[in-house]
Amino acid sequence: MKNAILRFSVFALLALLTACGGVTLSDGTGGSAPIIQLAGAPQDPVRSFLDAWNARDYQAMYALLSSNSQGLTSYAVFETTYEGADTAIGTQSISYTLGETEEQGISATVRYDLTLTSTIFGTITDPARMMRVVKAPNNQWRIAWTQMDIFAGYAPGTRLTSAAVTQPRGNIYDRNGIAFVEQDAEVVGLYVALSEIFDEAACLNVLASVLRKNRSDLLEDFDARRANPETVFYVGDMDPVDYNNAEGNLLSVCNIRTDTRTTRRYAGHGIASHVIGYVGQISADQLEANPERGYDADSLVGAGGIESLHEEALAGSAERVLQIVEPGGLTIRELAGTTSIAPQPVTLTLDYNLQLTAAQALSDAYNEAAGNWAGSAHSPGAGIVMLDVNTGAVLAMASYPTFDPGMFNPDTPIQLVGEELGVLQADANRPFSNRVYQEQYPPGSTFKIITLAAAAEENTWRPTETFYCGMTWEGAQYGDSRPIRYDWRNWEPEERRFDTGEITMSQALTASCNPFFYQMGALLTRTPDGFSTLGNYSRRMGLGRVTGLVYDPGVREAAGQLAVINSTDVAISAAIGQSDTQVTILQMARMVAGIANGGTLYTPYVVQQVGAGETVSFQGQPQVAGEMNLSEETLALIREGMCAVTTQATVGTTTGQPIGTAWFVFDDETGTGVAPYSVCAKTGTAQTGRVEPNGWFVAYAPADNPQVAIAAMVEHGREGSETAAPIVRRLLDAYFNAYTAPYPWWWAETAYEPLQIPEGNTGG
C-alpha cells in the first residue's frame, strides 16, 4: 500500500511539475529511484524514463510521455506491455550510456546504448538506440513514446517471446544400467468391465499380484462399479515386458482390455517410489524462483525423492531464445539466447531385481496373509532394506503400502489430484511414508545384540559361563521391583512352551532368552557408567542418531531415541528392547552390517553416480560414519549367537528342541525348504502398547563371508519369526539366486490369533 501511495504521489507531482516548468530525474547512472529536479534539456526525460524503468516504476515512466503518446496508449496498456516485456526478458537491472542528441525545432532524437541484466539470459546489450522527445506547450521536453522504444522492431501486433526448447528428462538407472525411470517410454494401461470378467475372485488375485496393490483396495474399486457393470474402467499400468508375461492370466480371468501410451515410465509402476519420487506440475513459486532453468507453466519437475534431489541434473537447462515474432510466426529479430545444458542420468546403488523382489515380497505377504496378521484390523504396513556390508550402499529399500508415481503425470487416466489425492494422503496406513527411513519403532529382542555386546565388553558375564533359562526370572536380588518377569516362551502355544535350559552367553542370544537379558540389564547398572552403560553402547552401535542417508530434500530421517535409564527397572526393560527405546529399520540394518564387517558403521547412500561418461558430476563413495570399537572376541560372540538363530541347533538340557528362534524359516522339513546359504540373524517381537506386537528380523549373509545386511519390520504382525523372517528369506533367495521359498501355509489358512505380550516384556 505504501508503495502504491508513493507511486501515485510521484505520478501526481510529475504532472504538476511538468505543467509548471518541467522535471528531470537522475543523471543516467541507472539508479533505482527517480530524483525529481527542475531541468530543460532533451536528455533529461530520457534519463528519467530509463531510471524509472530500472526501478520498474511504470507510473513514473508514463508520466514522462507526451500528451499525444498518452492519448494513443492508455496507462493500463502501457503497464501491461512493460510488465510482459520484463517478464519475458527476466529484467533484473538496466544501465545506459547517453550519446549524441540531435534537435530539430520542437523535437529531438537522443541516442543511447542500453544494457539489460536478465535472470534468464545474463547480460543483453542493445547499442545505438534512439528515443524521440518533443516539446510540450510549456516548452518542457516529453517522450514521444512508441512500443518500439522497448526494442526496435517490437511494433504493435508483434510478440516478444522467451521460448524454451524443451529436452527429454534424464533417466534413472539401477546399479547395472537397468532403467528404474525412463523418459518417453511405453506403458500398458489395463481396463476391465465387471460384466466381462470370467472369474472375479481370480481376477482380483492376479491384478493384486501384477499391480502390487492390496486386494481389498481393488475390491473397493470393483464394488464402486457394480451399479454399471458394463462400464469399462482403468485399474493400472504395467511395463510392456511384465504385461507380456502376465497376459495369459489377465485375459483368461479378467478379459482385460489394454491401451498403450508414451510417458515417463516408472518401472513396475513404482517399485521404488519412496526413494525415486515422482514428477509433478511446477508451482508458481518454483517457476518464479528458477527463471534461468527454462521452465514454463506446463513444466513437470521433481516433486519427491531422487527426482527432486537431482532435479537440476535430470531436467538440464532448456535453450531459450528472446525474440520478436510477427503475427504469422516469422522471427523479426533475435535479441538474446541461452545455451542448453543436456539432462543427465542418475544411477542408483539399488539393484533392480532385488528392489522388485522386495516390493513384490511385501505386496504378496499382505495379500496372502490378508485373513491373518495382515488383516485390516492388524498390520498397517511394513518395511525392508538391504545394505552392502562393506560400503553402506543401499541395494534394496521398500515400504508397504506404497503409491504409483506415474499417477502424478498429467497423461495418466486417473490422476492423484484433488479428492483422490486427499484420500490417499489421509490413508491411515500411510502409503507416502517410508517406514524404513522416516518412522521409528521399539526394537524388541533385536536390541539384545547391544545388551550382549555391553555385557561382554564390560565383563559382566563370561562367554563360557552358563545360565539357566527358564520361563520366569525373579530379580529382587538384582534390584528389580517386580516380583516376577517371564520368558517370551511363556506366551507360546503349549507344544512350543519349554524351558530353554542351561545355555552360554551366545546361546542366550540364539534363544532370545529374556531372563538372561533381564539379569544383564540389572548387572550393567553396576558398571562404572551405571545407568549410562546401555545408552553408551547403543550410540557406539549407531542408534539414537540419523544414519546420514539423503534421497529427498523434503523428507526428514527419523533419529530414533534412546531410553532414559534412571532405575534398575528401566534398565531391565531397556535390555530387551522395550522401555522408551525407538529405532529405525535402517539403523538396525546398519548395525547388523557393522557386526558383519568388523565394527565399521558406514553412511548409507543410494546415489552411485550423476551423469555419464565425461559429464559425471557426482560419484557416490563409501563414507565411514563411526566405529563400534568392539573387541574381535565380542564380535565373534555376537556372530556365533546370530548364526545359530536360523539352524536346528539344540541344547540338550530340556526337550532337545531347536533353540534358534527362526530355524523353521531357513532349515525345516515343513515345505519351506532348506536355504542353500547361511544366514546369521536375530528375531524381535516388540510390545507396542497394542495387543499385536511389531515383528522384527535382522540378518547378514553369508555367515563366512558377509556381503549383505538386511532388516525388516512388520507393524503389529505377531512375532518376527512368523512375519518378518519369511519376507527376508524371499529377498535373500533372490540375492543368492536360490529357489524362492513359499510363504508359510498358515498365513492363508489360519485365522489370526492375537499374541498378548504384557507391558515391559518382549517376544522372541
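Since every read-out is calculated from the coordinates, none of them should be taken as a lab result. Everything numeric in this text was worked out from a predicted model, so none of it was measured. Here the Cβ positions follow ideal geometry from the backbone for every residue, glycine too, while neighbour counts run over all protein chains shown.
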Check: Once amide H atoms are placed 1.01 Å from N in the peptide plane, what residues at a sequence separation of 5 or more from L350, or on another chain, have their amide H within under 5 Å of its amide H?
Finding: R175
Notebook entry, point to check: Going toward the positive end of the dipole of the chain, with +1 on Lys and Arg Cβ and -1 on Asp and Glu Cβ, which of P401, A370, V232 do you reach last?
Noted result: P401
Next item on the list: Report Rg (one decimal) and Dmax (nearest whole number) for the stretch 600-742, counting Cα atoms only, units Å.
Entry: 18.2, 66
Checklist line | Of L387, G684, S195, farthest towards positive along the dipole that unit charges on Lys, Arg, Asp, Glu beta carbons give the chain | finding: L387
Check: Taking the Cα centre of each part, how many Å lie between the stretch 457-513 and the stretch 43-57?
Finding: 87 Å
Next item on the list: Using only alpha carbons, build the gyration tensor for the chain and give me the equivalent ellipsoid semi-axes, biggest first, whole Å.
Entry: 69, 32, 22
Margin query: At a 10 Å Cβ-Cβ cut-off, how would you order V192, V187, V301, fewest neighbours first?
Written below: V301, V192, V187
Notebook entry, point to check: So what's the gap between the Cα centers of the stretch 231-294 and the stretch 338-391, to the nearest angstrom?
Noted result: 16 Å
Next item on the list: Find the relative contact order for the stretch 157-348 and round it to a whole percent, using C-alpha pairs within less than 8 Å whose residues are 6+ positions apart.
Entry: 32 percent
Notebook entry, point to check: Looking at the chain, which longest stretch skips every one of the trypsin sites (Lys or Arg not before Pro) that is in a DSSP loop with at most 10 other Cβ atoms within 10 Å, leaving the sites themselves out?
Noted result: 227-555
Item checked: Loop chymotrypsin sites (Phe, Trp or Tyr not before Pro), the stretch 678-742 (other Cβ atoms within 10 Å of the site Cβ: 14 or fewer; DSSP) -> Y739
Check: Taking H as built 1.01 Å from N, whose amide H comes closer than 5 Å to the amide H of E502, not counting residues under 5 places away?
Finding: C469, T653
Note to self: List the residues, sorted by chain then number, that are 5 or more residues from I332 or on another chain and whose placed amide H is less than 5 Å from its amide H.
What the structure shows: I324, V325, E326
Item checked: Kirkwood Rh and Cα Rg combined as Rg over Rh, evaluated for the stretch 586-629 -> 1.14
Next item on the list: Can you give me the span-like helices of the chain, meaning DSSP H runs with 24 Å or more of Cα extent along the axis and Kyte-Doolittle mean at or above 0.5?
Entry: 2-20
Next item on the list: With a point put 7 Å past each Cα toward its Cβ, work out how far Y75 is from T466 in nm, to one decimal.
Entry: 10.0 nm
Checklist line | Cα gyration tensor of the stretch 157-348 - equivalent ellipsoid semi-axes, whole Å, descending | finding: 41, 21, 14
Check: By its C-alpha gyration tensor, with a ≥ b ≥ c as the square roots of the eigenvalues, how is the stretch 224-335 shaped: rounded for a/c under 1.5, else prolate for a/b larger than b/c, else oblate?
Finding: prolate
Check: Using unit Cβ charges (K, R positive; D, E negative) and no other charged atoms, how large, in debye to the nearest 20, is the dipole of the stretch 157-348 about its Cα centre?
Finding: 200 debye
Check: Taking every DSSP beta bridge that has both residues in the chain, what percent is antiparallel when rounded to the nearest 5?
Finding: 95 percent
Checklist line | Karplus-derived 3J(HN,Hα), 6.51/-1.76/1.60, for each residue of the stretch 603-618, Hz, glycine and proline x | finding: 6, x, 8, 10, 9, 7, 6, 10, x, 8, x, 7, 9, 5, 10, 8
Checklist line | Fewest-first ranking of Y605, Y486, using other Cβ atoms within 10 Å as the exposure measure | finding: Y486, Y605
Notebook entry, point to check: In percent, what relative contact order does the chain have, based on Cα pairs under 8 Å that are 6 or more apart in sequence?
Noted result: 11 percent
Next item on the list: Take the Cα pairs of the stretch 397-504, get the Kirkwood Rh, then feed it into Stokes-Einstein at 20 °C and 1.002 mPa s and tell me D in µm²/s.
Entry: 112 µm²/s
Check: Arranged by the count of other C-beta atoms within 10 angstrom, fewest first, what order do T646, T600, T547, T568 take?
Finding: T600, T568, T547, T646
Next item on the list: Read phi for every residue in the stretch 119-131 and hand back ³J(HN,Hα) as whole Hz from Karplus 6.51 cos²θ - 1.76 cosθ + 1.60, θ = phi - 60°, with x for Gly and Pro.
Entry: 6, 9, 10, x, 9, 10, 9, 9, x, 6, 7, 9, 10
Item checked: HN-Hα J in Hz across the stretch 697-702 - Karplus 6.51, -1.76, 1.60, θ = phi - 60°, x for Gly and Pro -> 8, 10, 7, 9, 7, x
Checklist line | Positive dipole terminus of the stretch 542-659, leading residue within G611, G599, G554 (C-beta point charges) | finding: G554
Notebook entry, point to check: Could you give the longest part of the chain that holds none of the GluC sites (Glu not before Pro) found in DSSP loops with at most 10 neighbouring Cβ atoms within 10 Å?
Noted result: 231-464
Notebook entry, point to check: Dipole magnitude of the chain about its Cα centre, charges +1 at Lys/Arg Cβ and -1 at Asp/Glu Cβ only, in debye to the nearest 20?
Noted result: 1660 debye
Note to self: Can you tally the net charge around E200? Count Lys and Arg as +1, Asp and Glu as -1, for every other residue whose Cβ sits under 14 Å from the Cβ of E200.
What the structure shows: -2
